[in-house]
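Chemist: Starting off with a structure, shown below.
None of the figures in this text is laboratory data; all of them are computed from the coordinates on show. Since this is a predicted model, take the numbers as computed values, not measurements. A quick note on method: Cβ atoms are made from the backbone with ideal geometry, for glycine too, and the neighbour counts reach across all protein chains shown.
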């Protein structure tokens, strides 16, 4: 009987070794042939919006760096988390990637989602971040944030503003500001920048809170930028104040990057990380980021993973402090 156990253990070890010998060359061959088919790069925002434009610039440059075809696939809605949901169900072969906005660390604390940002994703590289701000139409009687606050105080819950969705940074920053200003606003969520700006310019909402997809309208004189939300004034609009300097103690700098499914081969992750890093040297990518006043915020996979872990906890604390945490 003892002899049988020894032989059985030896048989299991030999079988495992044989399986590995077969699997590893197949895996190595798959990696060496990568990419052998088109790569899906998900943009979880509508086509035509600022993030879509930026992601298409990244996608074009990345395709040259990686030596394959990259297809941008728009999956708007749900506050920008549908890309992460796709990754949770995808194979870890590098053919499904997605933009990862900051909301993926926040919304799981507010509602039920189809993924766990700490278990279901591979953080490949952080690339840039948004500049957020509040705009009104150029013919609006609201000229500055003081006018905004005065109107809201005189007309509680009548001042309507759009955002890129409930629980997104453009929504929650304004709610933080409103709480500190002692005002109540009417929030109107949209799927992304493109439809939100259409609603503003069409007169369906009085203001719009978003990333710099409003930039072209501001530059064309169709919209007025009241305030930005960063820790300091922007390079492009140096005369526009921040919420912080106006005394509302509200700041949002919002980095984002690229992620894949869990369980990706480290060698493949490094290859993708390095390819995306090279896109930040591409003149077309640089010009696109400058167009939307987005700074380069690069983190490699290790640093981005650490950032994700820290941010997930910070967002939980913030959501709980605002009384927005989901019910157990």
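Chemist: Take the Cβ-Cβ distance between residue 184 and residue 326 as r, set R0 to 22 Å, and report the resulting FRET efficiency rounded to the nearest 0.05.
Modeler: Details: r = 23 Å, r/R0 = 1.04.
Step by step, r from the Cβ atoms, then E = 0.45.
Chemist: From the convex hull of the Cα coordinates of segment 40-127, what is the mean projected area in square nanometres?
Modeler: Numbers: hull surface 22.2 nm².
Mean orientational projected area (segment 40-127, Cα hull): 5.6 nm².
Chemist: Any idea what angle helix 2-32 forms with the longest principal axis of the chain, computed on alpha-carbon atoms, 0 to 90 degrees, nearest 10?
Modeler: That helix lies at roughly 50 degrees to the long axis.
Chemist: Next question, about the same structure. For the pair residue 60 and residue 195, how long in nm is the line joining their label points, each one 7 Å along Cα→Cβ?
Modeler: Inter-label distance under the simple model: 2.7 nm.
Chemist: Cut-off 10 angstrom, C-alpha nodes, Gaussian network model of the chain. Which of 58, 148, 276 fluctuates the most?
Modeler: In the Gaussian network model the winner is 148.
Chemist: Let me ask you something else. Starting from 0.36 nm per residue, how many nanometres of slack lie between residue 316 and residue 154 once their C-alpha separation is accounted for?
Modeler: Once the chain is fully extended between residue 316 and residue 154, it gains 55.0 nm.
Chemist: Relative to the longest principal axis of the chain, what angle (0 to 90°, nearest 10) does the C-alpha long axis of helix 301-321 take?
Modeler: 50
Chemist: Still on this structure, please answer the following. By per-residue mean of other Cβ atoms within 10 Å, what is the highest-first order of 99-106, 87-94?
Modeler: Numbers: 99-106: 25.6, 87-94: 17.6.
In descending order of packing, they fall as 99-106, 87-94.
Chemist: What residue among 185, 121, 107 shows peak mean-square fluctuation when the chain is described by a Gaussian network model with Cα springs under 10 Å?
Modeler: Comparing 185, 121, 107 in a Gaussian network model of the chain, the most mobile one is 185.
Chemist: On a 0 to 90 degree scale, rounded to 10, what angle separates helix 145-154 from the longest Cα axis of the chain?
Modeler: 70
Chemist: Translational D (Stokes-Einstein, µm²/s) of the chain at 37 °C and 0.692 mPa s when Rh comes from the Kirkwood sum over C-alpha pairs?
Modeler: Working: Rh = 21.3 Å.
Estimated diffusion coefficient is 154 µm²/s.
Chemist: While we're looking at this one, here's another question. For segment 207-328, state what percent of all Cα-Cα pairs lands in each successive 10 Å bin, counting from 0 Å until the bin that includes the largest distance.
Modeler: 10, 30, 33, 23, 5
Chemist: Give the distance, in whole Å, between the Cα centre of segment 52-80 and the Cα centre of segment 289-305.
Modeler: If we compute the Cα centre of each part, the gap is 15 Å.
Chemist: What fraction of the DSSP beta bridges in the chain is antiparallel, stated in percent and rounded to the nearest 5?
Modeler: Restricted to the chain, the bridges split so that about 60 percent are antiparallel.
Chemist: Could you list 248, 229 in order of exposure, starting from the residue whose Cβ has the fewest other Cβ atoms within 10 Å?
Modeler: Sorted ascending by nearby Cβ count, the order is 248, 229.
Chemist: Run the quick spin-label model on residue 166 and residue 262: label points 7 Å from Cα toward the beta carbon, then report their separation in nm to one decimal.
Modeler: 2.8
Chemist: Separate question: Classify segment 132-248: rounded, prolate or oblate, from the alpha-carbon gyration tensor (a ≥ b ≥ c, eigenvalue square roots; a/c under 1.5 rounded; otherwise prolate if a/b is larger than b/c)?
Modeler: rounded
Chemist: In a GNM of the chain with a 10 Å cut-off on Cα contacts, which of 242, 228, 69 has the highest mean-square fluctuation?
Modeler: 69
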